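Below is one structure, written out as structure tokens; comments come after it.
The values are calculated or read from the model by the stated rules, or taken from the named source; none is laboratory data. Just so you know, these numbers come straight off a predicted model, no measurement behind them. Reconstructed Cβ throughout: ideal geometry from the backbone, glycine too, with neighbour counts over all protein chains shown. These area figures cover heavy atoms from the full protein model, side chains too; ligands, DNA and RNA do not enter into them. Shrake-Rupley method; radii C 1.70, N 1.55, O 1.52, S 1.80 Å.
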Amino acid sequence: MTPTSMQVARFGIVGLLNTALGYLIILTGLALGWGDILANAAGYAVGLLLSFHLNRRWTFAAASQSTSRQWPLFALVVLAAYTCNLLIILVGAHFGFRESPILQFVAIITYSVVFFLLSKTVVFIDQSDAMLRGTSITIPLLVVMTGAALMLLPTLPLGHDVYWQFWIARQLLNGAELYRDILEINPPLWFWAASLITKVATAVDVDPLRLLVQLIILWSAAATSIFVKFVSPDTQYQATLLTIATFSALLLLPIGDFAQREHLALIAAVPYAALIAAREEKRAINPWLVAFVGIGAAFGFALKHYFVAVPLLLELWLLYRLRRTWRPFRTETVILGTAAVGYIFAIIFTSRDFLDVIVPMVALAYDDFALSPIKILLSKYTLIWFVGVIAIFSVFRTNRTLFERAILPSALLSFAGFSLSYFFQGKGWGYHAAPATSLLFVALAILLVGKPGIFKNARQHPLLIFALLLPVIVVGLRGPYKVATGKQTVALLQSAPAGTNVAAFLVNPSLVWPAIEQAKLKWSLRYYAFWMLPTITSEDRRGEQDLELLGKHIITQTLNDIACNPPLYIVVDTQTTLNNIEYNISTPLEFLKSDLKFRKFFDNYYKIILQDERLETYVLNYNNIEILKECRNIF
């Protein structure tokens, strides 16, 4: 009988003994009048106490080790095993296995297997074992945090862009053509990913957006595990803090912009930065792990061309550090390069209209969304970054040896890359700043608790502590995504039967999304919003022939949309405020009604029924409306 088989047998015997003793204590407590809760808690406490001591002394023969080190780990492992058990129950219940003895049996087996494996590899291990390093606590801690996130965050509010992304996915799966039937300004990868998730969600009968949240949680956990493994904290206390900080940076700091492309790029960038740091230190790395990190990075960095700044800065730094020993063709760079070339060819051959229609339109009419450099520099996000950089510099001045490990400059370069992305985009929007803020937070956490760290001397660096707390405070005050639609408008939309056609004439889509998709209504327009209006109707660019032609074309398309699939309600923005700036431009309805044919159609068939803050809602008059026959289908 092998040593492991002997441990499994002993573990099983201990499990039977602690169950029997626990049950006896419960019966005794009930007989003594303790009540259900106290008796049950006492039974489990005594059972787990027996389990700890028998497994420590007999199953794994680890009695010579420190009890003070083993007890917290044992408690965490029990919690992790129970989390897995509970997740099995919840998943089974979703698929109709409620109050099922078979499901309960599977959950118990899962609990036992996880309990045994983690006890063997985390709690009761030889003092000389490499697993005793700080990172041994990462897996059970992540199991608990991931399980908690999977149970607590399924109904997390998601932003309007994410709802629009999955609206597009539904249209594509029903035969619509992106950049023809739907005139979206972003490249196709994000929508292809949503289409795949929607397909899987449909196959397993879950909400696609809920599946999206769960996948992001699991990806964040994997990224955190890889990152902490590469940082290699000295102690389990440091590993605990770093694991919590990194997982929070990936999952909680971007909670107001959850599942945005910047959020996904952040999750991809954290393990990639750790991988490049390991390359700089010339460490041996599991090739499968490299491939996993490379594939994630290829997807994340491809979501926006601005994100290329992150791998580019990291590669230039690696070249500088390694010089003659630097190799350009490595597993991760081959994956990134191959994915980039493949994506370009995929756009050319499957989404040619993106290059022929959307790119010229964006080049012509997207400029006026940009904020001035001064306003961007004075934003709250750059203030957070400034405080963080000053805190890092203050530590650097007093102890430069803390910067010898490659992981810290690697994380800071990733922060710099996403900061450049934020400035190059020039909009000043919060979600553009999210990955830079989270990566700076991770870098500060590395400095505080990572190897070699200044954890023991943290009180000597109050600015570092403040820099860590500042983004947490800002995120806490902001909270999850909040719907910007007026309450009366939301109530009106929700009163319409599912499948009712609606539209909105506005520049800021968050004024009606995600309320429209949440009410399961159909969107009649091919445009998400009239983002081009600030440029087309700007006094500074009045008279430009290309813009005038574009404006006429948009009016014709919009008239065709509402004549083909007449909206019951049309929501109209009456203001011209964007990014808290008042533009001297026409409102969307004024712009559309500048065309005589559109004005005649709209005035004949629509009348105002609601004024809600800045929004007006018009209702369709069905008398003798002429509906076009050759039209786009909407789903």
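Provide a single number: the residues in the stretch 313-334 that are open to solvent by 40 Å² or more (accessible area, probe 1.4 Å) and touching a helix residue (DSSP H, G or I) at 6+ places or on another chain (Cβ under 7 Å).
Step one: list which residues in the stretch 313-334 are open to solvent by 40 Å² or more (accessible area, probe 1.4 Å), which gives 313, 316, 319-321, 323-329, 331, 334.
Filter once more, so that each one left must be touching a helix residue (DSSP H, G or I) at 6+ places or on another chain (Cβ under 7 Å): 313, 321, 326, 331.
Of the residues in the stretch 313-334, 4 are open to solvent by 40 Å² or more (accessible area, probe 1.4 Å) and touching a helix residue (DSSP H, G or I) at 6+ places or on another chain (Cβ under 7 Å).
Within the stretch 200-238, restricting attention to residues that are small (Gly, Ala, Ser) and on the phi < 0 side of the Ramachandran plot, the residue that is most open to solvent (accessible area, probe 1.4 Å) is Ala203.
The one condition from (1) charged (D, E, K, R); (2) under 10 Å from the mean Cα position of the chain (by Cα); (3) modelled with pLDDT of 95 or more that Lys199 does not meet is (2).
Out of the residues in the stretch 28-44 that are among the aliphatic types (A, V, I, L, M) and modelled with pLDDT of 80 or more, which is least open to solvent (accessible area, probe 1.4 Å)? If we take residues in the stretch 28-44 being among the aliphatic types (A, V, I, L, M) and modelled with pLDDT of 80 or more, then Ala31 is least open to solvent (accessible area, probe 1.4 Å). For Pro480, are the conditions met, namely being touching a residue at least 12 places away in the same chain (Cβ under 8 Å), within 28 Å of Asp207 (Cβ to Cβ) and surrounded by fewer than 17 Cβ atoms within 10 Å (Cβ to Cβ)? Yes; evaluated as a whole, the condition is true for this residue.
Among the residues of the stretch 364-388, which ones are in a helix (DSSP H, G or I) and either open to solvent by less than 50 Å² (accessible area, probe 1.4 Å) or under 22 Å from Asp181 (Cβ atoms) (or both)?
Taking the stretch 364-388 and keeping what is in a helix (DSSP H, G or I), we get 364-365, 367-369, 373-377, 380-388.
Matches in the stretch 364-388: Leu364, Ala365, Asp368, Phe369, Ile376, Tyr381, Thr382, Ile384, Trp385, Val387, Gly388.
Residues in the stretch 439-447: is at least one surrounded by fewer than 24 Cβ atoms within 10 Å (Cβ to Cβ), out of contact with any strand residue (DSSP E or B) (no Cβ under 7 Å at 6 or more places or on another chain) and either at pLDDT 95 or above or part of a loop (DSSP other than H, G, I, E, B) (or both)? No, the stretch 439-447 has no match at all.
If you go through the stretch 389-408 and keep only what is open to solvent by less than 20 Å² (accessible area, probe 1.4 Å) and within 17 Å of Leu275 (Cα to Cα), you end up with Ala406, Ile407, Leu408.
Of all residues in the stretch 181-202, those that are without any contact (Cβ under 8 Å) to a residue 24 or more places away in the chain have Cβ atoms under 8 Å from Cβ atoms of residues that are open to solvent by 30 Å² or more (accessible area, probe 1.4 Å) and assigned to a loop (DSSP other than H, G, I, E, B), 6 or more apart or on another chain, in Ala201/Asp207.
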